[in-house]
Amino acid sequence: MSQLVVLCGGIGTRMASVTGAGQKCTVPVAGRPFLGHVLDRAARPPVDHVLLLAGHAAGQVRDFARAWRPPLPCPGAGGSPAPPRVDVLVEAAPAGPVGALREAMPHLDEEFLLVLGDVLPPDRADLYEVLTRTLHRTRARAVMAVAPESRSRDQGNVSIAGPWITRYAKGPALPYIDRGVRFLRRSALRSEAGDSDVPFFGALAAGRRLTHWICDEPIIEVGTPDRWRHACAALTGPPPGPSSAHSRAEGRSW
């Protein structure tokens with residue numbers, strides 16, 4: 001089994017003017033929930049199990065999970081694999097992104113792809129494979145996709161040397177930025193402390209246990225109203241996949 005885990009439980013305070021009391025991952029972008037765009041890219045084969053870690057407005061995430069279907073294959077592409085199973089796990093109380101993973105540990109594979117529900121992954125059909133190869137080649141405990149700071153609207157938070165991330169921190173601007181895509185061994189959650197990104201990934205980086213994959217591609221995300229509007233402009237066009245599934249997901253009041 002190849003597992004994709006999606007963090008989609010944040011409150012999204014900065015997006016409240018758009019979402020109201022809703023979940024920012026399910027905000028509509030180009031005619032459908034943003035989380036649909038995320039899964040269309042991240043839940044490609046060989047992924048056969050998707051685990052959505054929900055918290056705030058978990059009902060919207062559950063509704064989305066029931067409605068989502070993967071995009072239809074391109075004509076002439078041959079037979080398509082069965083769609084991945086999608087499960088939703090709701091945290092008992094807000095625990096931070098790494099804390100949510102710790103709570104979900106009984107449901108996690110030994111290795112899994114991890115993405116953020118409010119950041120669009122790179123458009124790579126081999127995303128799962130390239131991160132797996134990087135993890136195994138370096139024997140790291142985790143891989144983090146990073147982009148040059150210029151590809152983001154945020155300050156860089158990552159520095160690298162050779163195959164390793166040497167620093168993951170907020171503060172002085174660093175040359176790279178966390179791309180919101182990671183590949184982890186479950187053992188990392190047992191060996192490193194911290195329930196949020198900085199202490200957890202910072203400790204992995206300090207111990208030379210966090211490697212990187214550079215993705216020189218603009219970052220599209222929905223963390224603020226301005227960035228949501230940019231995402232809407234960048235992703236305009238007909239949504240892939242069965243229109244009936246999308247219409248069910250989009251029938252909610254956002």
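The values are calculated or read from the model by the stated rules, or taken from the named source; none is laboratory data. The shown structure was predicted, so the numbers you read here are calculated from the model rather than taken from an experiment. In this analysis, Cβ positions are derived from the backbone assuming ideal geometry, glycine residues included, and neighbour counts consider all displayed protein chains. Surface areas here come from the heavy atoms of the whole protein model, side chains and all, with no ligands, DNA or RNA. Shrake-Rupley method; radii C 1.70, N 1.55, O 1.52, S 1.80 Å.
The table below gives the values:
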| item | result |
| --- | --- |
| Per-region count, segment 1-33, residues touching an Asp or Glu at 6+ places or on another chain (Cβ under 9 Å), open to solvent by 20 Å² or more (accessible area, probe 1.4 Å) and of a type in the set (D, E, K, R) | 1 |
| Where Ile165 falls short, out of the listed (1) closer than 21 Å to Thr132 by Cα; (2) open to solvent by 60 Å² or more (accessible area, probe 1.4 Å) | (2) |
| Test for Ala188: is it surrounded by fewer than 17 Cβ atoms within 10 Å (Cβ to Cβ) and of a type in the set (A, V, I, L, M, F, W, C) | no |
| Subset of segment 174-185 (residues that are open to solvent by less than 40 Å² (accessible area, probe 1.4 Å) and part of a strand (DSSP E or B)) | Ile177, Asp178, Arg179, Gly180, Val181, Arg182, Phe183, Leu184 |
| Checking Arg133 against (1) assigned to a loop (DSSP other than H, G, I, E, B); (2) among the basic types (Lys, Arg); (3) modelled with pLDDT of 95 or more, the condition it does not meet | (1) |
| Criterion (out of contact with any Asp or Glu (no Cβ under 9 Å at 6 or more places or on another chain), part of a loop (DSSP other than H, G, I, E, B), without any contact (Cβ under 8 Å) to a residue 24 or more places away in the chain and open to solvent by less than 60 Å² (accessible area, probe 1.4 Å)) met by exactly one of Gly156, Gly171, Gly194 | Gly171 |
| First in segment 204-217 and on the phi < 0 side of the Ramachandran plot and in a helix (DSSP H, G or I), second anywhere and aromatic (Phe, Trp, Tyr) and open to solvent by 10 Å² or more (accessible area, probe 1.4 Å), Cβ under 6 Å, 6 or more apart | Ala205/Tyr168 |
| Pro28 touching a Ser or Thr at 6+ places or on another chain (Cβ under 6 Å), of a type outside the set (D, E, K, R) and in contact (Cβ under 8 Å) with a residue 40 or more places away in the chain | no |
| Residue within segment 198-214 that is modelled with pLDDT under 95 and open to solvent by 60 Å² or more (accessible area, probe 1.4 Å) present | no |
| Leading residue by the ranking (farthest from Leu7 (Cα to Cα)) among those in segment 137-153 that are under 21 Å from the mean Cα position of the chain (by Cα) and open to solvent by 50 Å² or more (accessible area, probe 1.4 Å) | Ser150 |
